[in-house]
Structures are given as C-alpha cells and as structure tokens.
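Worksheet for the structure shown next.
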Amino acid sequence: MGTFYVTTPIYYVNDLPHIGHIYTTVVADTLARYRRLAGDDVYFLTGTDEHGQKIERAARKEGVRPIELADRVVARYHELWKKLGISHDDFIRTTQPRHARAVSEILRRMIAAGDVYEAKHEGWYCTGCETFYTEKELRQPGNLCPDHGTATEWKSEENFFFRLSRFERPLLEHYERRPDFVRPESRLNEVRAFVAGGLKDLSISRFGLDWGVPFPGRPGHSVWVWLDALTNYISALGFGGGPEESSRYDRYWKSDGVRMHLVGKDILRFHAVFWPAFLMSAGLPLPTCVWAHGWWLRDEQKMSKSVGNVVRPDHLIERFGSDPLRYFLLREMVFGQDAGFSDETFVDRFNSDLANDLGNTASRLVTLSRSAFGGRTPPVACDDNPLIAVAREVVAEYRAAMEELAFQGALRALWRLLAEANQYLVAREPWKQIKTAGPSEALSRVLWNGLESVRIVATGLLPFVPAVAPRVLAGIGAGAPPSTLDALGWGGLPVGRELAPLEPLFPRIDKEKYMSEIAPPAAAGGGASTPPDANLIDIERFASVELKVGDVLACEAVPKSEKLLKLSVDLGEGSPRQIVAGIAKAYRPEDLVGTQVVVVANLKPAKLMGNLSQGMLLAATDGEGLPILVRPHSAGIAAGTRVK
Ligand code: MSP
C-alpha cells in the first residue's frame, strides 16, 4: 500500500474553534484512521495560521502580543483535538522556525524562476479574508467583502507580485489531465471557470505589517499570509531543511502516493488555483487532490464568528462525550454539501442511531447471551444464514463509500446491517427461545449471528467513533480492536468468550429536558404550565449577543425620513460600520459625532429605507416615546470593547 498524506486547513488563531472548524479535522481524522486500517503509510497534518493583520488586530484589541494570543488559542486547539481523539501526526504553527525556512525557500525558487516582480498595488482589502478585491467583486452598496459582508478598506502600496497570469494555461491543462485534482466534480467546474475567466497577477507581499514572515531581502515587507499559510503543507514535512529534516518531504510529497488537502469551499480557490501555481513556479510536485466540503449552517447562514451564530463544541463534548459529536457531523453532512446544525437534530440522531440502533442492539444481545450461556458469547458460530450475504454487501458498500469520502453513505451502509440484524432477531425471538428451549444450538447460532453483525458494524465504526467502537468490540466479547480491514469479513467473533455486563454506551437523552435546559421557552403566552422563570436565559445565550462600545465618526440624516440617522461607527475593526438608527427625533447628527454608543455588533445586516445597517444602537425609550441612547459612563473606552 502507498503513502497517504492528508491535511486540514490551518486555523486562524483569532477565533476559538467552532463546529465548522472541527468538522474538517474530524473528517481528516476519520479518513486517516481508515487509511491506516487499509494498510497505508499515513501522515496526518493539522495546525494553526498565526500571521497577518487579522491576528495582529485581534491581539491588539485584547491588549496582548500576537504570539500570546496565538499560544492561548493553540493550547485550546490541542486540548480540543485530544478530547476529540484526533490522531494527527504533526501540528504545524506558522510561527515556527521550520515554517519560516520553508516559506523563504519556496519564495527563493519562485523568484529564481522569474515569476516575482515589484509594482504598485491598489485595491479593496478585506482583513477577514486577508485578500484584495476589485470593485466588481465587492457587494454593493458599501464596498462590502463578498464573503464576510463586512466593510473593506482601500489600500495602496508598493508590493511584490507573482505572475499568476502565466499559469492560466498550465493550470487548465492540469485540470484536464487530472480531473480528480478537485473534488467534488461540481467544484472543479467552478475552479476551471474561474481560471478560464482570466488570472490576474497576485500581490504576495505586504508593506508595514510586522506580524508575518519577512520578505527575503526586503526589510519592511512581509510575505502575504496566504502564501505563508499554504506553504505549511510542505514546511511541516521538512521542506527547505537539511537532508534529515526533509526525509519526510521526500516520503510524503515527492513520492507517488496520495497528497490530499481537505478544505472548506470558501478557501478552495487558494488551494486549487494559487497553491498549485506557486508549486509549479517553484518546480515542486502538486497535491494529488483538493477536496472541498460545504458549510455548517445555523438558521440557514454560514456558521461564523462575524455572523455570531457559531456552535462551540465544548458543551456537547462535556455533556455527551466526543464520539456522539463526531458521529453527528459525519452522519448529518453529505461531504461536499452544506448542512444545518440544530440541537434538536443532534438529540434525535443520538437517540435513534446511537442509543437505540447501536446501543440497545448490542446490550440486548449481550444480556441474552450472558443469561443463556453462563456469562459467555454463544458456544456455536454460524456460517450459513441470511445475514452473511447482507454483511458482505454492506462491507463492499462501506468500503466503496470510504474511498469516495462519502462518510454518510458508509454509515448508512453499516446501519443497514444493524437494521437487518434486528429484523432477523425479531423474526426468531431468541428471548422466547431461551424460555421455551433453553440454551440450544439453534439459539446459539441466532445470538452469535446478531453479535457478529454488531462486531462488523463496530469494526466499520472504528475510524468514526474511536473511543466507543473499541468499547463495543470489547463489550460483545470481540476483544481488542483489529488493526486491519480484514476484520470486516464474516466470522470473527470468538465463541465461548467471557462476557461482562455491558455498561450503557449511549444513555438516551431526555429531549424535552435537554432542549429546555439549553434554551428555556419564552414566557409570553406560555399558559399555566409555564414556570415563572421560563423567560430566563442562561449566560451562554446572553454571551451570544455581542455588545460593543463604538465611536461615532460621522452622522447624517437619512433623506425623507423623520426618524432615521445614518452613522459611521468605529468598532475597532479597522474600518467603520454604517449603522442606521431611529433616533432623529431625539438627537441632532452634529451632537453625536465624537460621542460613544453601545452597538449590537452581531446583528444580521438589514436595510432601512434603502440604507444598509450593520448593527443596532442600544437605547431606552422615555415617557414620551423618545429614544435615549445607552452610553458608557466614562469617556475614552477603546472602540470595540465588549460590553457584558
Ligand atoms: N487560515 C485559513 C486557512 C489556511 S489553509 C492554508 C482559514 N482559516 S479559518 O480558521 O478561517 O477556517 C478554517 C477552515 O474552517 C476552512 O476550511 C473553513 O472553510 C472552515 N470553516 C469555517 N466555518 C465553517 C463552517 N461554518 N462550516 C464548515 N466549515 C467552515 O481559512
């Protein structure tokens, strides 16, 4: 079997991990575990993206040095990956010396190839994306970032450019030759259309940004964060180091094996267009495949910090363990498409798939077998029954799905075997047989078949739920988890093996109780059964509302409106926001400029009389119905300071 190098994107350290972030890592881990079972020589990389303006600003806002912020968030990532059972072989940080060395080396090669030149660069810059946009690409009105919906800023500086335009043809030819370079296919079409539409040269340096890899030979300039970040995939393998350090690079990047990047669809262009072009220029091999997945949505919007609708994994893991979350993520999303996250679906999946189908089937079989056969697995196995054919089909389906990263399909296949095994048991009623015929050979075969089906399912689940699957295997008497996929063949369950009572694997969640715990129902109209404190919210819910202090930079009346004022408010984000507020009857524009307000910063943008409003001001209403703004008690609080 060959080498299999799989990577996740490296995560920005200005945000704590949410469900959208952990998804790619859980997918990569499942794949890595599967490939190891399939006998591949696997190397699995994840890490953090720590440079750039976005990080520098986030650190400044918190009053710490960027590296302090990075260290703090990296510690959280390590903790979380441990809890989630992530089996990565390496964790790269772009602030490590091994990384800076690799960035300088790839750049040296690109320069030597004549693909880098110096010129003036102007454009609209989004700090969120760390990317320049043309006016055409922006969302109007307001010159907003097409991805984040936040304001961009005009930048003009002397930069180094990469001759991306030179790679239009070579890239198109590569897509033609290797149609599986981008998966799923629909994404390849998107990428191809983007390249065919014409590639402009790319600015690959920033002037005056200290927090980055220094641009070789150009003091004051640093390497563009995306060139910096993308290089992580080879810097972690020792590219640019001495022969000893780079042996991993030779083994996993220069060999004939698989080099697969898993990414979210929003960063596909960077991986499927820019990265291969950089590598072509530097004369280095390309990844063999870039696989893009969809987004986790909440209330039909991408889950993201800027929208403020993120689901953090901590609570779910603490409460239910990491495997139910892993299972949910892999079962609920069709890899490549978007999926919605809701607590309700999480609980339903947990109860029906894990507690009922898997947990109850296993525990019922263990109980029956223990009571019929003196606390042991059945004494007689069976190689002639209808479940064998089903298991063979299911395993083939499972393996084909895993090759295609169709995790949902693989799980569905395993669940089909569980369902068939249950039907088989219901039809034979072993619980009655125990009473009528005692521990007969026929009963042994029936129970053994049921347990063997569960063994195959649990074996298939090893890459998905690495903490619970071994417990199931041990619990049904199958012993230690196997190390190869051969264990998916029928017939592996030992006979007459001692069986301990099975601890509940997935205690059923009381849905109503749980839902009311995490989101108490609103009291309004609740009727007699509504408890008096039903409209209390917990601290997490309150924390999801981002209240921030803002400096009013400018203000004007909205034409033809008696009530509305249009304000430009600095929230410490680099560029001000436009906020429209119904306060014209109580405030004159000139009285507001230079004062501070409190803003609901993560409110969905809305249009008021055709004017975009990116937030809301907090105000009380006095006895005459006039608004009174809520303001900090003392002046001079830094713009962007959180109110809580
Ligand atoms: N640092 C860059 C990646 C550099 S890779 C050389 C970056 N970081 S990120 O932290 O913003 O995002 C990391 C990954 O999380 C991306 O693949 C992104 O698509 C993914 N997700 C962030 N929000 C997401 C969802 N709501 N749903 C699914 N994945 C999403 O981009």
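Between Asp15 and Arg541, take the C-beta separation as r, use R0 = 22 Å, and let me know the FRET efficiency to the nearest 0.05. Each step should come with its number before you reach the end.
Working: r = 19 Å, r/R0 = 0.88.
With a Förster radius of 22 Å, E is 0.70.
Using a Förster distance of 25 angstrom, determine the FRET efficiency expected from the C-beta separation of Leu618 and Arg76, and round it to 0.05. Could the numbers behind the result be given before it?
Values: r = 30 Å, r/R0 = 1.22.
After rounding, the FRET efficiency stands at 0.25.
Determine the relative contact order of the chain: mean sequence separation of Cα pairs under 8 Å and six or more apart, normalised by residue count, in whole percent. Show your work: numbers first, answer last.
Details: 1119 pairs, mean separation 75.6, N = 644.
Normalised by residue count, the contact order of the chain is 12 percent.
Would you mind computing Rg(Cα) / (2.2 N^0.38 Å) for the stretch 1-41, counting N as its residues?
Details: Rg = 12.6 Å, N = 41, 2.2 N^0.38 = 9.0 Å.
Against the compact-globule rule of thumb, the ratio is 1.39.
In whole percent, what relative contact order does the stretch 74-186 give with Cα contacts below 8 Å and a gap of six or more residues?
Details: 86 pairs, mean separation 23.6, N = 113.
Result for the stretch 74-186 is 21 percent.
Based on the alpha-carbon set only, what is the convex hull volume of the stretch 358-443 divided per residue, in Å³?
100
For the stretch 140-182, what mean projected area does the convex hull of the alpha carbons give, in nm²? Intermediate results must be reported in sequence, preceding the final value.
Working: hull surface 21.3 nm².
Dividing the Cα hull surface by four gives the mean projection, 5.3 nm².
Where in the chain lies the longest segment free of GluC sites (Glu not before Pro) that are both loop residues by DSSP (not H, G, I, E, B) and have at most 16 other Cβ atoms within 10 Å? Walk me through the intermediate numbers first.
On the way: sites that count: Glu244, Glu245, Glu300, Glu404, Glu562, Glu624.
Longest run free of exposed loop sites: 1-243.
Can you send over the carbon and sulfur percentage of the accessible area for the chain, probe radius 1.4 Å, protein chains only?
Numbers: 14480 of 27870 Å².
It is 52 percent, rounded to a whole number.
State in Å² the accessible area per residue of the chain; use a 1.4 Å probe, count heavy atoms of protein chains only, and round to the nearest integer.
Working: 27870 Å² over 644 residues.
With the other protein chains kept in place, the chain gives 43 Å² per residue.
Equivalent ellipsoid semi-axes for the stretch 240-399, as square roots of 5 times the alpha carbon gyration tensor eigenvalues: give them largest first, rounded to whole Å.
41, 27, 16
Based on the alpha-carbon gyration tensor of the stretch 337-406 and its eigenvalue square roots a ≥ b ≥ c, which shape applies: rounded if a/c is under 1.5, prolate if not and a/b is larger than b/c, or oblate? Display every interim value, and only then the final one.
Numbers: a/c = 4.07, a/b = 1.42, b/c = 2.88.
The shape class here is oblate.
Among DSSP bridges having both ends in the chain, what percentage is antiparallel? Round to the nearest 5.
Details: 50 of 75 bridges.
That works out to approximately 65 percent antiparallel.
Between rounded, prolate and oblate, where does the stretch 288-348 land on the alpha carbon gyration tensor, with a ≥ b ≥ c its root eigenvalues, rounded for a/c under 1.5, else prolate if a/b exceeds b/c? Walk me through the numbers before you get to the answer.
Numbers: a/c = 1.73, a/b = 1.24, b/c = 1.40.
Taking the square roots of the gyration eigenvalues as a ≥ b ≥ c, the stretch 288-348 is oblate.
Rounded, prolate or oblate, given the Cα gyration tensor of the stretch 78-191, with a/c below 1.5 counting as rounded?
On the way: a/c = 1.28, a/b = 1.18, b/c = 1.08.
Rounded, since a/c falls under 1.5.
Report P(r) for the stretch 12-171: all Cα-Cα distances, bin width 10 Å, range 0 to the bin holding the largest distance, values in whole percent.
9, 24, 33, 27, 7, 0
With N set to the number of residues, divide the alpha-carbon radius of gyration of the stretch 445-493 by 2.2 N^0.38 Å and report two decimals.
Cα-based Rg divided by the globular estimate yields 1.01.
Return the loop-located trypsin sites (Lys or Arg not before Pro) in the stretch 115-175 (DSSP other than H, G, I, E, B) with at most 16 other Cβ atoms within 10 Å of their own Cβ; answer none if there are none. List each step's numbers first, then the result.
On the way: sites: Lys120, Lys136, Arg139, Lys155, Arg163, Arg166; in loops: Arg163.
Passing sites in the stretch 115-175 do not exist.
Within the stretch 540-597, list the trypsin sites (Lys or Arg not before Pro) lying in a DSSP loop whose Cβ has at most 10 other Cβ atoms in a 10 Å radius. Let's see the in-between values first.
Values: sites: Arg541, Lys548, Lys560, Lys563, Lys566, Arg577, Lys585; in loops: Lys560, Lys563, Lys585.
Hits after loop and neighbour filter: Lys560.
I want to check the label-to-label distance for Arg392 and Arg108. Put each point 7 Å from Cα in the C-beta direction and report it in nm to one decimal.
The answer from the label model is 5.9 nm.
Quick one: Debye curve from the alpha-carbon atoms of the chain only, equal weights, vacuum; give me log10 I(q)/I(0) at q = 0.05, 0.06, 0.08 Å⁻¹ to two decimals.
Debye intensities relative to I(0), on a log10 scale: -0.30, -0.42, -0.71.
Please report the Cα spread of the stretch 530-636 along all three principal axes, rounded to whole Å, starting with the longest.
Extents along the principal axes: 47, 36, 32 Å.
Using the charge dipole of the chain (Lys, Arg: +1 at Cβ; Asp, Glu: -1 at Cβ; taken about the Cα centre), state which of Pro219, Ala196, Leu417 has its Cα farthest towards the positive end.
Leu417
Which loop-located trypsin sites (Lys or Arg not before Pro) does the stretch 224-279 contain, where loop means any DSSP state but H, G, I, E or B and the Cβ has at most 16 other Cβ atoms within 10 Å? Please list the in-between numbers first.
Values: sites: Arg248, Arg251, Lys254, Arg259, Lys265, Arg269; in loops: Lys254.
The qualifying sites are Lys254.
Among Ser440, Ser281, Ser186, what's the order by accessible area (1.4 angstrom probe), most exposed first? Show your work: numbers first, answer last.
Details: Ser440 35, Ser281 15, Ser186 70 Å².
Listed by decreasing accessible area, they come as Ser186, Ser440, Ser281.
The values are calculated or read from the model by the stated rules, or taken from the named source; none is laboratory data. Only a predicted model underlies this, so the values are computations on that prediction, with no experimental measurement involved. Using ideal geometry, Cβ is built from the backbone for each residue, glycine included, and neighbour counts are taken over all protein chains shown. The area values use the complete protein model at the heavy-atom level, side chains included, leaving out ligands, DNA and RNA. Shrake-Rupley method; radii C 1.70, N 1.55, O 1.52, S 1.80 Å.
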